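**Q** After the structure tokens below, expect a handful of questions from me.
The values are calculated or read from the model by the stated rules, or taken from the named source; none is laboratory data. Note that the structure is a prediction, hence the values are computed from the model and not measured. As a convention, Cβ positions derive from the backbone with ideal geometry for all residues, glycine included, and neighbour counts pool all protein chains shown.
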Amino acid sequence: MNKLERNKNNAKTFYKITLFIMAALTLSACVTESATQTGTPPANAQRADTLYINGVIWTGSDVVADAAVMAVTDGLISYIGTERDPRIVAPATVDLQGRFVMPGFIDNHVHFLEGGAALASVDLRDADTPDTFSR
């Protein structure tokens, strides 16, 4: 193996390690473990998978208009409120840091007419010879 190949291998290894470290730091900044809190949960504790706090959560309802806390259990919303309920225990807590959340929103935005017209049209952008053009 010559020096150029060794340098390329070293660079690849460096980039892989750097990418791994950056991903680990990013993930650790997003999720904090509430399981490390001291004390035992109350007897009437409600278990959730993930607790989202400090957000602006749109509910579509006037009942909880200023929601800032949301708990998710088994993929379903189990609690929404304005303040954190101390009875909710979750192994993962996500600090939304004031970000907007719209639970269940899926953007299925489609332009059917333009998409259909594109499928029915002829694309000649790559035709560089008369033979290709006539096919």
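**Q** How many residues does region 125-135 hold that are surrounded by fewer than 10 Cβ atoms within 10 Å (Cβ to Cβ) and not basic (Lys, Arg)? Even if it seems obvious, please write down each step before you answer.
**A** Going residue by residue through region 125-135, those that are surrounded by fewer than 10 Cβ atoms within 10 Å (Cβ to Cβ) are 125-126, 128-131, 134-135.
Then drop every residue that is not not basic (Lys, Arg), which leaves 126, 128-131, 134.
Of the residues in that region, 6 qualify.
**Q** Can you find even one residue in region 36-48 that is surrounded by 10 or more Cβ atoms within 10 Å (Cβ to Cβ), within 22 Å of the chain's Cα centre (by Cα) and among the small types (Gly, Ala, Ser)?
**A** Yes; the residues of region 36-48 include at least one that is surrounded by 10 or more Cβ atoms within 10 Å (Cβ to Cβ), within 22 Å of the chain's Cα centre (by Cα) and among the small types (Gly, Ala, Ser).
**Q** Just checking, which of GLY98, GLY55, GLY104 is modelled with pLDDT under 90 and not β-branched (Val, Ile, Thr)?
**A** Details: GLY98 fails: modelled with pLDDT under 90; GLY55 fails: modelled with pLDDT under 90.
Of the residues listed, the single one that is modelled with pLDDT under 90 and not β-branched (Val, Ile, Thr) is GLY104.
**Q** Please go through region 44-56 and pick out each residue that is of a type in the set (A, V, I, L, M) and within 19 Å of ARG87 (Cβ to Cβ). Break it down into steps so the answer makes sense when it comes.
**A** From region 44-56, those of a type in the set (A, V, I, L, M) are 45, 48, 51, 53, 56; that's our starting set.
Result: ALA45, ALA48, LEU51, ILE53.
**Q** Also, quick follow-up: Is it true that some residue in region 120-133 is farther than 26 Å from ALA43 by Cβ, touching a Phe, Trp or Tyr at 6+ places or on another chain (Cβ under 8 Å), without any contact (Cβ under 8 Å) to a residue 60 or more places away in the chain and not basic (Lys, Arg)?
**A** Among the residues of region 120-133, at least one is farther than 26 Å from ALA43 by Cβ, touching a Phe, Trp or Tyr at 6+ places or on another chain (Cβ under 8 Å), without any contact (Cβ under 8 Å) to a residue 60 or more places away in the chain and not basic (Lys, Arg), which makes the answer yes.
Here's the yes/no breakdown for (1) within 31 Å of the chain's Cα centre (by Cα); (2) of a type in the set (A, V, I, L, M, F, W, C); (3) surrounded by 14 or more Cβ atoms within 10 Å (Cβ to Cβ):
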residue: LEU76; (1), (2), (3): yes, yes, no
residue: GLY81; (1), (2), (3): yes, no, yes
residue: VAL89; (1), (2), (3): yes, yes, yes
residue: GLY98; (1), (2), (3): yes, no, no
residue: ALA117; (1), (2), (3): no, yes, no
residue: VAL122; (1), (2), (3): no, yes, no
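**Q** Report the residue count in region 85-119 for those that are touching a residue at least 60 places away in the same chain (Cβ under 8 Å) and either part of a loop (DSSP other than H, G, I, E, B) or out of contact with any Leu (no Cβ under 8 Å at 6 or more places or on another chain) (or both). Walk me through it before giving the result.
**A** Our first condition is that a residue be touching a residue at least 60 places away in the same chain (Cβ under 8 Å); within region 85-119, this holds for 92-95.
From what is left, the residues that are either part of a loop (DSSP other than H, G, I, E, B) or out of contact with any Leu (no Cβ under 8 Å at 6 or more places or on another chain) (or both) are 95.
Going through region 85-119 one residue at a time, the tally reaches 1.
**Q** Here's another thing I want to ask about it. Could you please find all residues in region 100-115 being among the hydrophobic types (A, V, I, L, M, F, W, C) and surrounded by 10 or more Cβ atoms within 10 Å (Cβ to Cβ)? Write out each step before concluding.
**A** First, the residues of region 100-115 that are among the hydrophobic types (A, V, I, L, M, F, W, C): 100-102, 105-106, 110, 112-113.
Answer for region 100-115, where residues must be among the hydrophobic types (A, V, I, L, M, F, W, C) and surrounded by 10 or more Cβ atoms within 10 Å (Cβ to Cβ): VAL101, MET102.
**Q** Now for a different question. Within region 53-68, which residues are surrounded by 17 or more Cβ atoms within 10 Å (Cβ to Cβ) and within 17 Å of the chain's Cα centre (by Cα)?
**A** ILE53, GLY55, ILE57
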